[in-house]
Amino acid sequence: FVSLQSTMRSLSLLLLLLPAIDSYGLPAIRDLKARYHPQTNTIFVEWTFPQPHDNVAFNVRYKTNRVGGENWKLMRSSDTMVRLILPNLADGDELHVQVNAERHGHVIEDWSQVLVISVTKKSPSGDAQDALVPPSAFTANILDTTSVKLEWKPIEGGAPQGKEVYYVVNVKQLTTRSGGVLQRQQIKTSERSFTMGRLIPGEKYELTIRSAISDAVVSNTAAIVEITMPRDEEFFEIGNLIISSLFKSSGSGAVNLTWDVPPAMANNIYAEAGIEDWQTIKFGGAQSSASLHGLKSDTQYLLKIRTLLKNEVYTESGQFNFKTPKVTPNAIKKVDVIYSHEVNSVRLQWMLEPHIHVATVAGYDVYVSENKDLPEHHWQHIPLPSRDAELSLPNLKSLTTYYVKVNIRKTDGSVVRAPSLYRFTTIDSDAEFAEVREANALSYRNLVPGKVAISWTFPESVLEGLAGTTVLFSEHKQLPVESWSRVELDDPRKSSVVLVNLREGAHYFVRIVPVLRNGHKDFDNEEHFEMRTDTRERFEEQLRSAAHPSLPLTKGDKSFLRITSCNPDAILDDCGLQETCVSMREGSVGWCIPFTLKDAIMLS
């Protein structure tokens, strides 16, 4: 029950909410209330309804109880408020108001509780008394069979003339099944809540609250609630509450709640859980768990669980404080390791997560180590003074696993430390790269001038729906994708390709796009990098400085030349660094031929 009176003229309104909660749970249309605007003889009716309100329309019907009666009048609104202009309200009139909701012509919430507005003429009071209004959101939450917690929101705008406001709560016992004396008591407080005990189980009470600045100046209106204290067999509260949480490195996560529900009460309760600023979820009474989503990591929360019993009694199982775990968000979206034909050198390039703006980056600190368990000061530290998100690592050992982490130095002097490690293995006859969080590998190798081998590894999340791959490459990044050269691979197991007829010493942009089973190209998960093809001069220079010298032939009757078979389409063949795999016939069969003999053999 809620009461409200005009504070401007001699018209007072008494609002009553007649309970209409159905047996399926809490109503969606809640907090139905009214306020009076005396200058225009207008009553504003307001309510709350869960979001979203897309395509939701509200029907409001109202009528008075005058002699002879009258039919319901209907209004329609897309907002959670309507304005009723009633210039002929008289002393003793009662106005009945109900609201329902529909979407696309279908009713999704039946008629709400009946809001009864009673009109009473009274003599005007002093200005200070008229300006006082009762606090809003006056609620009573039952803690056990004899205790109740009262809460309210303070009046907005403060008291007239800046005086301090306090609140007067009157408690009136309405029933006495035991035959005892009806209790009455009054409490004055400046707080926003208090707990009252020593009530009698099974009895009905009326609780009213008014605002006051002195014993003589008390608000003419009061907020009213009625409660019936539950008996022992009717009472229920959440017990053995367990709070657990799981948060990812992205910062998203969930808090899980579990509790015990006595079998006898499973179908007699409806619960709702909320956290500060009182986000709320609702669930049926037989359910003994719930999940809270959208919470922040490393944040203190206050949890309250309210229970609505089938006897229309609200109980509150106290308040629970919990703190979500601290999760350091990863600032690096991914790290690519790009191999060249030099087995002792790789190039790292990385991408930032969207929440890190490039303009705030002053440089990077890259740490490299063969042992991930060493303290950071024992890792090789490579400071980068620029925003360029790439680094070449020379003089690495072949067939060796290295660990990398990248810290970000920001322009304000702070350092964003990497929570993740990345792992790669240098190549010899095979190439491998795996990220500790998720695999992500790219590599290319200049075979001969104008011919480059490329390999990649998609993350597991992409491989599940993979049907093939499209490899796009171009010297001009600005060209539309239709103008890029391409290689289509229909086999999802194929993760390498050899690009031929490239310009020597040219800079190319490469995009590796997954093709899904429905035929669509998954550009959201494409890999991309840049590469430069070898010039003939650079290629010959690398041959002269190769770390694997060829074995000289020995003169004599038993001297012979070893020629190894190879696959000319393979990315990494069995040929030495001074040899090339030359196709001898159609198919994947070739010979490893020294460069010095290539022209002679091919032209013979």
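The values are calculated or read from the model by the stated rules, or taken from the named source; none is laboratory data. No experiment lies behind these values; they were computed from the predicted model shown. Glycine also receives a Cβ, built like all others from the backbone with ideal geometry; neighbour counts cover every protein chain displayed. These accessible areas exclude ligands, DNA and RNA; they are computed on the full protein's heavy atoms, side chains included. Shrake-Rupley method; radii C 1.70, N 1.55, O 1.52, S 1.80 Å.
For Glu370 and Asp144, a Förster radius of 56 Å and the Cβ-Cβ distance give a FRET efficiency of 0.30, rounded to the nearest 0.05.
For Lys323, the solvent-accessible surface with a 1.4 Å probe is about 120 Å², rounded to the nearest 10. Remark: spin-label model distance Thr299-Arg83 equals 3.7 nm, labels positioned 7 Å along the Cα→Cβ axis. Full extension of the chain segment joining Ser190 with Ala362 gains 56.6 nm, where the gain is 0.36 nm per residue of separation less the Cα-Cα distance.
Using r as the Cβ-Cβ distance of Leu479 and Asn567, and R0 as 41 Å, what FRET efficiency do you calculate, to the nearest 0.05?
Working: r = 33 Å, r/R0 = 0.80.
Plugging the Cβ-Cβ distance into 1/(1 + (r/R0)^6) gives 0.80.
For the pair Val181 and Asn525, the difference between a 0.36 nm per residue extended length and the Cα-Cα distance amounts to 116.3 nm. Among the protein heavy atoms of segment 32-117, carbon and sulfur supply 47% of the accessible surface, probe 1.4 Å, non-protein parts ignored.
Protection proxy ranking, highest mean first, for peptides 27-33, 207-213, 454-460: 207-213, 454-460, 27-33, where packing is the per-residue count of other beta-carbon atoms within 10 Å, averaged. Using a Förster distance of 35 angstrom, determine the FRET efficiency expected from the C-beta separation of Asn71 and Tyr166, and round it to 0.05. Using R0 = 35 Å, I get an efficiency of 0.15. Summarising the label geometry, the points placed 7 Å from Cα in the beta-carbon direction at Asp215 and Arg231 lie 4.3 nm from one another. Relative contact order of segment 171-228, taken over Cα pairs closer than 8 Å and 6 or more residues apart, is 34 percent.
Note on His378: accessible area approximately 110 square angstrom, rounded to 10, probe 1.4 Å, nucleic acids and ligands left out. Take the Cα of Thr400, step 7 Å toward its Cβ, do the same at Arg198, and the gap between the two points is 8.2 nm. Only protein heavy atoms count here; under a 1.4 Å probe, Cys566 has an accessible surface of about 10 Å².
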